[in-house]
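Input: a single structure, listed below in structure tokens.
The values are calculated or read from the model by the stated rules, or taken from the named source; none is laboratory data. Because the structure is predicted, anything quoted here is derived from the model rather than measured. A quick note on method: Cβ atoms are made from the backbone with ideal geometry, for glycine too, and the neighbour counts reach across all protein chains shown.
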Amino acid sequence: MTNARLDIESRPFNAAWIYPRPEFESNIYKVLVIGAHPDDADLLTGGLALKLRARGHKVKYIAVTNGDMGHFKQRDIVLAARRLEEGKASAEKLGVDYDTLNIGDGDVWVNREQLRKVIRCIREYAPDLIVTHRPQDYHKDHRYTGQLVKDASYLLLVPHYMDEYRTPFIDQMPVICYAFDHFENPLFRPDVLLDITDVYEQKALAISQHVSQLMEWLPYTQGILDQIPEEYDYKQRREIVETLVNYHFSEVISRFRKLLKAGYPDRKVRQAEAFQICEYGKQPSLKEMKELFPGAIFPSSKELEATTELGKLKEKIKKFKKKITKLEEKLEGK
């Protein structure tokens with residue numbers, strides 16, 4: 001017997017008929033963030049990780065690649081070793097565990113070998129929640145990482161799949177969600193909006209540990225390497241962190257400003273993270289979402305519709321109808 005039940009109030013409903021929701025068995029949750037590169041997880045979920053750890057929950061970061069190509073001079077094992085240390089240093093600031101699947105940077109593909117690596121790391125940790133990239137990201141490593149997690153989802157539950165590894169299958173589907181990105185085909189849906197203003201400085205301190213990226217690789221790719229001094233302090237690293245975070249997350253504030261104002265009426269949200277629930281995982285109840293995303297807000301279906309292309313089109317039609325009505329009234333007055 002199982003206590004799984006079909007709940008039509010589950011939101012978002014999506015594939016809940018495939019994976020009915022058993023209640024969580026523990027008050028301590030395990031969250032696994034699967035990013036493509038050593039600096040992806042903390043950039044996308046550093047605020048969430050800090051809030052989860054403050055409540056005693058467990059968080060683990062997985063970098064699918066070792067990052068051995070993210071530089072203009074260093075490469076291969078030298079760069080991979082350096083980025084491993086940076087990933088560990090950042091994770092330590094957040095209070096989370098860190099590991100890598102050690103796939104070469106730029107070499108993430110949707111194939112049998114890499115799928116089995118992803119399945120194995122998920123099964124070994126047995127998380128309640130997985131966070132990863134959307135499969136619509138600009139970077140192929142990001143896209144394929146998200147796709148590998150999607151492809152792994154059903155196979156996690158299959159007892160005899162990969163039984164040669166003697167890694168126990170999991171008997172409960174985790175919640176799977178995507179971290180925010182600003183790509184528009186399709187638009188990101190903000191099922192979860194999280195104010196991280198209060199922990200942002202801690203997140204920034206963690207991100208700043210990725211010196212090879214912040215002070216070397218990113219300035220090189222943007223053509224401003226000559227503006228980076230040979231010796232720099234944390235303040236200078238912090239300024240570049242600000243630029244990086246604003247590039248990735250300023251749209252969370254600007255695009256979802258109305259939702260944030262409605263959800264946090266008593267404060268001004270300066271920094272936020274956003275997440276979209278994936279239909280391939282367990283569909284959490286609102287109560288469970290509040291536990292997995294402490295302090296977050298969860299826009300209603302009606303509110304979410306306004307953020308979609310359809311919602312925007314409906315709003316334009318509504319305004320157009322008002323203009324027609326005014327014009328008709330004006331003509332009748334004549």
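Quick check: is even one residue across the stretch 79-88 more than 30 Å from residue 186 (Cβ to Cβ), under 19 Å from the mean Cα position of the chain (by Cα) and crowded, with 22+ Cβ neighbours inside 10 Å? Yes; the residues of the stretch 79-88 include at least one that is more than 30 Å from residue 186 (Cβ to Cβ), under 19 Å from the mean Cα position of the chain (by Cα) and crowded, with 22+ Cβ neighbours inside 10 Å. The set of residues from the stretch 167-187 being of a type in the set (A, V, I, L, M, F, W, C), within 16 Å of the chain's Cα centre (by Cα) and modelled with pLDDT of 95 or more comprises 175, 176, 177, 179, 180.
Within the stretch 141-156, residues that are among the charged types (D, E, K, R) have Cβ atoms under 6 Å from residues that are at pLDDT below 95 in these pairs: 143/137, counting only partners at least 6 apart in sequence or on another chain.
If we only count helices (runs of 4 or more DSSP H) wholly inside the stretch 219-334, which ones have 3 or more residues that are more than 30 Å from residue 171 (Cβ to Cβ), under 23 Å from the mean Cα position of the chain (by Cα) and at pLDDT 85 or above?
234-255, 257-263, 301-305
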